[in-house]
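Just below is one structure, and these are the notes that go with it.
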Amino acid sequence: MSVPTKGLAKVSRRGFVQGSAAMSGGMLVGFTLPGAMLGGAAQAAAMVHTPNAWVHIADDNTITLMSARAEMGQGVYTSMPMLIAEELNVDVHQVKVAFAPPGKVYGNALIFGLQLTGGSTSVREGWQKLRLAGAQVREMLVAAAAQKWGVDAATLKAENAMVLGPKGRKASYGQLAEAASRLPVPENVAIKDASQFRVVGKALTRLDTPAKVSGSARFGIDVKLPGMVYATLAQCPVQGGKLKSFDASQARRLPGVIDVVQIPDGVAVVADSYWRAVKARETLQLSWDDGPNAQLDTAAMVAGTRAALDSGTPIPLKKVGDAAGVIAAAAKVVRAEYLTHNVAHAPMEPMNFTAHFQGDRIRLIGPTQWPDNAQGTVAKVLGIKPENVAVENTFLGGAFGRRIDIDYILQAALISKAVNRPVKLVWSREDDMQHDYYRPLAVHRLAAAVGADGKPTAQTWRVASQSITGRVFGLPPEAPDALMTEAAVALYEVPAVQHDVVKHDAGLRVGYWRAVSHNMNAFANESFIDELAAAAGQDPVAYRLALLEAHPRAVAVLKAAAAKGGWGQPAPAGRARGVAVMEGYDSHVAQVVEISMKDGAPWVHKVSVVADVGQMVNPDTVLAQIQSSVVFGLSAVLWGEITVDKGRVQQFNFDSFRVMRNHEAPQIDVTLLSSPAKPGGIGEPVTALQAPSVANAIAALTGKRVRRTPFLPQYLAQA
């Protein structure tokens, strides 16, 4: 049966979602959108005043937060305005959010002052800064009212976006904003104590959810510019390889093809639609020089990394006592080696960016975690002034660290310059899987001397892996990489310890992946402590608690997780439980998993997580982040693996790089402990609990100790 299409208007997927949302309940009507939806029309309707870099107030009383952090699903578009609203004494729904342009003032103090979103730093870094910014604006508004009315500022108060004075005087923030923005910014401003919070700490439904459900939120893939064309890029299938030659004669003859251009990373096909660009790319005759990685395979990568443990130069991380000497003389020693493989980021929104080169300037629009790096790098490569590179961020459809790198942005800029048009570059899922910056491969060796009471008297730990920070920031080989050793030093009290790392380039390019090295190091440490407990014939939770007495927050989360997870109670028939605990990003987390075995692989039934993240800004976001971390982490633990043969990544899409499906998701029970500590990060740490807790559960259920990820049946059979 054919379907008549003549006369039907073309409807994009985004348009279809928007239309469906409108018909199903009028969600588009009357909803004021945060973030990128702060459009020109809204701004044009009222004069906007800028008391400081983060808070803008329009004379129609619209309050806008300039967010320097990207929203990639982690909830900053709700938590950040909550911080501002708290000090401005306004309802959080009165605060809109806009993406901040590149600017030094928006630098992240926890990441070298760069305007970078990552490391679970958004709330941690903004906690004091944004509250202070809100408090400063509040005092400036009050001071402006005091001047206007000729009264003492101490007699005034600010609330609900109004300044109230004696004799019933009142003025809106918008009415005072222009005068306030001319006043000096006060330096010594008191911010609220936790006992005064009215917004912070209250669970709040995310402000960006309605826009994302209705389809009105703008992601990079939604960007359209007048005259825009589409590009797709053919890159060498072997990382490190180069283009030798190409023949685009057939592609150029296809309808819709505008141009075929060579850039340093490959050959771009530019067409009037993405589909036509993709089909034309398939006709390119390409000849590659595969380069030094032509014969690279996974087995060689593992062997090389393992050999580096013996022959590489160790970089000391921690040394207390003579751990090696104690182990050499000990009557009982436990040794183990653990392996974690490369993993892809695989965000749901494929890599894309739009660029419009215009002579001595360029406009860049799309999803990025690092806009000021995009600005500086593109300016340098194109030979134009940084101030002539405009970077406009959008919502990110997932990132997990992938959009810290800017290769796809620079490619879009170069292609736009080559064709002198606005161009949207889109990577397919296969492009992304094949050309990612992967989580590094790592091999860990641990040894511990065990005393008569079963406790470790000395421990050594050495890991060989690639330094991501070395690639990104150019660290010298001998310099320690703090993002290579996270969670390497566990909280357990051991009299003598020696920890060190060996940098080794296994071949694939690597990048920051959610929870970065916590994932690899927590797997090794929390698996090994379980092995020590088993060697001592002791309960794993009790064994850990005995070594954590100096760390009450770790003890609290571990005890609570054990209670929530039914530890000490008989598991249902055919099931067993595993436990793990960790400190990371200033947060303490612990969990108990309950698994069975199905077709030779673990099936996770229940995950009980307990977290102490310090002061929570939005508990609802904390809960969601933990739930997503469980699913994301389990996907990698159960199936995630990037393998290489003859230099080529063997995974192409989600059929060969599995992620968890709805029917596979476990019951997730989350408990959030109340804490007076400063806010910790929660976007990442729970991800790192998945590998060790599941491995420990497998050992409890089967008696087999799995020392490598992912937990595929073929690897478990070798355990």
**OP:** Read phi for every residue in the range 500-511 and hand back ³J(HN,Hα) as whole Hz from Karplus 6.51 cos²θ - 1.76 cosθ + 1.60, θ = phi - 60°, with x for Gly and Pro.
**Re:** 8, 10, 10, 7, 8, 8, 7, x, 6, 6, 10, x
**OP:** Kindly provide the chymotrypsin sites (Phe, Trp or Tyr not before Pro) of the range 80-168 that DSSP labels as loop, not H, G, I, E or B, and whose Cβ sees at most 10 other Cβ atoms within 10 Å.
**Re:** PHE112
Original post:
Given the protein chains as shown and a 1.4 Å probe, how many square angstrom of LYS157 are accessible, to the nearest 10?
Top reply: 110 Å²
Original post:
In whole percent, what relative contact order does the chain give with Cα contacts below 8 Å and a gap of six or more residues?
Top reply: 14 percent
Original post:
Using the Karplus equation 6.51 cos²θ - 1.76 cosθ + 1.60 (θ = phi - 60°), what ³J(HN,Hα) coupling, rounded to whole Hz, does each residue of the range 239-255 give in order, writing x for Gly and Pro?
Top reply: 4, x, x, 9, 6, 8, 6, 8, 10, 10, 4, 5, 4, 5, 7, 6, x
Subject >> Distance histogram for the range 557-708 (every C-alpha pair counted, 10 angstrom bins, percent rounded to whole numbers) >> reply: 11, 39, 32, 15, 3, 0
Original post:
Which pairs, out of LYS212/LYS678; LYS332/LYS704; LYS224/LYS279, put more than 24 Å between their alpha-carbon atoms?
Top reply: LYS212/LYS678
Original post:
Average projected area of the Cα convex hull of the chain, in nm²?
Top reply: 36.4 nm²
**OP:** Above 17 angstrom, tally the Cα pairs of the range 159-253 and express them as a % of all pairs, no decimals.
**Re:** 81 percent
**OP:** Within the range 521-599, list the GluC sites (Glu not before Pro) lying in a DSSP loop whose Cβ has at most 15 other Cβ atoms in a 10 Å radius.
**Re:** GLU549
Subject >> Span-like helix ranges in the chain, DSSP H, alpha carbon extent 27 angstrom or more, Kyte mean at least -0.5 >> reply: 122-149, 516-536, 619-638
**OP:** Note down the accessible area of GLU282, probe 1.4 Å, to the nearest 10 Å².
**Re:** 120 Å²
**OP:** Per DSSP H run of n ≥ 4, the term is -39500 (n - 2.57); total these for the chain, divide by its residue number, and report the mean residue ellipticity at 222 nm rounded to 500 deg cm²/dmol.
**Re:** -9500 deg cm²/dmol
Subject >> Rounded to the nearest 20 debye, dipole of the range 262-362 from Cβ charges on Lys, Arg, Asp, Glu >> reply: 440 debye
Original post:
For LYS606, what charge total do you get from the other residues with a beta carbon under 12 Å from its beta carbon, if Lys and Arg give +1 and Asp and Glu give -1?
Top reply: +1
**OP:** May I ask you to give the average projected area over all directions of the convex hull of the Cα atoms of the range 211-311, in nm² rounded to one decimal?
**Re:** 10.8 nm²
Original post:
Per-residue accessible area for THR155 at 1.4 Å probe radius, Å² rounded to 10?
Top reply: 80 Å²
Original post:
Once you put a point 7 Å from the Cα of ARG361 and another 7 Å from the Cα of GLN569, both along the Cβ direction, what distance in nm separates them?
Top reply: 6.5 nm
Original post:
By accessible area of protein heavy atoms, probe 1.4 Å, what ranking do ILE668, ILE529 get, highest first?
Top reply: ILE668, ILE529
**OP:** Give the dimensionless ratio obtained when the Cα radius of gyration of the range 388-544 is divided by 2.2 N^0.38 Å.
**Re:** 1.42
Subject >> Calculated SAXS-style log₁₀ I(q)/I(0) at q = 0.14, 0.16, 0.19 Å⁻¹ - the range 316-436, Debye, Cα scatterers >> reply: -0.63, -0.75, -0.97
Original post:
Nearest 20 debye, what's the magnitude of the dipole of the chain about its Cα centre given +1 on Lys and Arg Cβ and -1 on Asp and Glu Cβ?
Top reply: 1100 debye
**OP:** Mind scanning LYS104/LYS503; LYS96/LYS167; LYS242/LYS646; LYS318/LYS455; LYS96/LYS192; LYS96/LYS380 and naming the pairs with a C-alpha gap bigger than 25 Å?
**Re:** LYS104/LYS503; LYS96/LYS167; LYS96/LYS380
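The values are calculated or read from the model by the stated rules, or taken from the named source; none is laboratory data. Please read all numbers here as calculations on a predicted model, not as lab measurements. Because the Cβ atoms are built from the backbone with ideal geometry, glycine has one as well, and the counts that use them run over all protein chains shown. Please note that ligands, DNA and RNA were not included when accessible areas were found on the heavy atoms of the full protein model with its side chains. Shrake-Rupley method; radii C 1.70, N 1.55, O 1.52, S 1.80 Å.
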